[in-house]
């Protein structure tokens, strides 16, 4: 059944005069927070990646040209629900409780909506929500049901029934177009213009599996997508026992792949049935070499991804045009980001979750001519827990004490990092060997180095993969190809970064009390002496036998921790 916007607007909350600011023309800036799912920084041409020339993003780039671009913006956990919870609450996942895809932020704790509402802003949440509970603390919402569909999308709205039963469906339309249309309709007819607005505008695209609007099928059709060198080459110094195994025996089993490297899950297996037009007629991988298969899967993957990005960029042009026509463009703080980065073939990995640069890094572009100089580039280390405090601060609202993040408003206004700003970004991927075969890990990222500790166990300390440490010099090795951890010449650097990691964990409050059995494993292998390495080697061999048995049994997914399925959702 199709749905008319007029029906949607009936459900908008009624606004009494008592709700309005005494000043009929509130001059405070609007806040437009735009988040696209899985949109990596190197998928935006303003960041100057290998994709910039073939797949430009002029509308998004405009925010960088007329505002600020952050070089070192990072998520604290590169997966959808936890990242969204960090932005909404200003808290790390061990504080807000959203550790994995079962993460939720219940009404009463949706901090940004509450604080902006208390300050007299009209609040709205439109698009992908992915936090299970009703976004009831917003004045208005229209959110995709769960993960949401690319085509014929269904949205949950406020109504008389339990919230999951109040739905509207947009048949024959693509989700990116619909999300833009709902936002435009709200701005034209739903927004109480006596108040400034706080609007979270979230696209589903370009989330895997990537389904672009049909009008983009010819886009990049005859283009060979530039490839990262690490798609083909793994320097023997890359990785660790945790990501390679004792003698490289785990390379087929750690991290899902583009080609056939990972036999449990790879794009060569997944994409041809979904997108047959991207492969030769009657495609059979047995008729092609490994390199040909990998190249075809990679090109299909990137083209679908970039077509989804093209749809976002075009739709944002529609949205920005409306803001300009209504005189709101320069009075609106516009923020563009993703919920994390995404591996676009680097290291022959797909998806996100990793602390590797392409996954941990978030795009972050901010435009507000009244306070930000055009063309500003900022290299401060900021985290997604800082986004909420910054938006509140820029609106003249004091962030609540519950928020662990810090405002980077001064960075935007001056283009400089204030004295005393944090020098490490914290990261922890709490899940373990689910979906894309990523071991659980924790680490820090500075402006020059990255230290990753793959402790390799589930929440209960079980289903172990071998622990291991990795250290990368991001100045001399930006693509993270050489692990420096085991080089005796780096002993002092390793010791210093381990100390910083311990101090950062203490600063953010990740004391191990949430999952003490996992913390026991973290502490057991922290020193990583000869005894620890020997035990890690044994774990590697044991895991290999287990994984081979699972594959022989035809298991594409395996339980990973008590009470949850491999999808990260609670067992029914």
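The values are calculated or read from the model by the stated rules, or taken from the named source; none is laboratory data. Quick caveat, the model's predicted, so the values are computed rather than measured. Virtual Cβ from ideal backbone geometry, glycine too; neighbours counted across all protein chains shown.
Worth a mention:
- Condition broken by residue 388, with the remaining ones in (1) within 30 Å of residue 460 (Cα to Cα); (2) crowded, with 21+ Cβ neighbours inside 10 Å satisfied: (1)
- Lone qualifier among 453, 463 - being at pLDDT 95 or above and surrounded by 21 or more Cβ atoms within 10 Å (Cβ to Cβ): 453
- Selection within segment 511-527 - crowded, with 20+ Cβ neighbours inside 10 Å and touching a helix residue (DSSP H, G or I) at 6+ places or on another chain (Cβ under 8 Å): 525
- Residue 235 being under 30 Å from residue 45 (Cβ atoms) and loosely packed, with under 15 Cβ neighbours inside 10 Å: yes
- Residue list for segment 176-202, restricted to those being free of Cβ contacts under 8 Å to residues at least 40 places away in the same chain and buried (at least 21 other Cβ atoms within 10 Å of the Cβ): 178
- Selected residue (only one of 435, 441, 479 is buried (at least 16 other Cβ atoms within 10 Å of the Cβ), closer than 30 Å to residue 269 by Cα and at pLDDT below 95): 435
- Odd one out for residue 300 among (1) farther than 27 Å from residue 457 by Cα; (2) over 22 Å from the mean Cα position of the chain (by Cα): (2)
- Checked against (1) over 30 Å from residue 451 (Cβ atoms); (2) in a loop (DSSP other than H, G, I, E, B); (3) within 24 Å of the chain's Cα centre (by Cα); (4) in the same structural domain as residue 114 (by TED's automatic domain parsing), residue 208 passes all but a single condition, namely (1).
- Tally of residues being part of a loop (DSSP other than H, G, I, E, B) and surrounded by fewer than 24 Cβ atoms within 10 Å (Cβ to Cβ) across segment 328-349: 1
- Applying the criterion of being part of a loop (DSSP other than H, G, I, E, B) and under 25 Å from the mean Cα position of the chain (by Cα) to the residues of segment 235-250, the residue that is farthest from residue 291 (Cα to Cα) is 240.
- Checking each residue of segment 298-309 against the condition of being crowded, with 22+ Cβ neighbours inside 10 Å and without any contact (Cβ under 8 Å) to a residue 40 or more places away in the chain gives at least one match.
Residue by residue, here is whether (1) closer than 19 Å to residue 431 by Cβ; (2) touching a strand residue (DSSP E or B) at 6+ places or on another chain (Cβ under 8 Å); (3) surrounded by 22 or more Cβ atoms within 10 Å (Cβ to Cβ); (4) not assigned by TED's automatic domain parsing to the domain that holds residue 44 holds:
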site: 65; (1), (2), (3), (4): no, no, no, no
site: 73; (1), (2), (3), (4): no, yes, yes, no
site: 82; (1), (2), (3), (4): yes, no, yes, no
site: 85; (1), (2), (3), (4): yes, no, yes, no
site: 93; (1), (2), (3), (4): yes, yes, yes, no
site: 105; (1), (2), (3), (4): yes, no, yes, no
site: 111; (1), (2), (3), (4): no, no, yes, no
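- Residue 56 being assigned to a loop (DSSP other than H, G, I, E, B), closer than 27 Å to residue 328 by Cβ and either at pLDDT 95 or above or under 24 Å from the mean Cα position of the chain (by Cα) (or both): yes
- Sole residue being at pLDDT 95 or above, touching a strand residue (DSSP E or B) at 6+ places or on another chain (Cβ under 6 Å) and surrounded by fewer than 23 Cβ atoms within 10 Å (Cβ to Cβ), chosen from 47, 121, 33: 33
- Segment 135-153, subset surrounded by fewer than 17 Cβ atoms within 10 Å (Cβ to Cβ) and in contact with a strand residue (DSSP E or B) (Cβ under 8 Å, 6 or more places away or on another chain), residue nearest to residue 114 (Cα to Cα): 145
- Beta carbons closer than 8 Å, at least 6 apart along the sequence or on distinct chains, pair a first residue in segment 375-398 that is at positive phi with a second that is in a helix (DSSP H, G or I) and modelled with pLDDT of 95 or more for 375/64; 375/65.
- Screening residue 34 on (1) more than 23 Å from residue 436 (Cβ to Cβ); (2) in a loop (DSSP other than H, G, I, E, B); (3) under 17 Å from the mean Cα position of the chain (by Cα) shows it passes everything except condition (2).
- Checklist (1) modelled with pLDDT of 95 or more; (2) surrounded by fewer than 21 Cβ atoms within 10 Å (Cβ to Cβ); (3) within 27 Å of residue 392 (Cα to Cα) applied to residue 132, failing item: (1)
- With respect to the stated conditions, residue 514 is part of a loop (DSSP other than H, G, I, E, B) and over 30 Å from residue 227 (Cα atoms).
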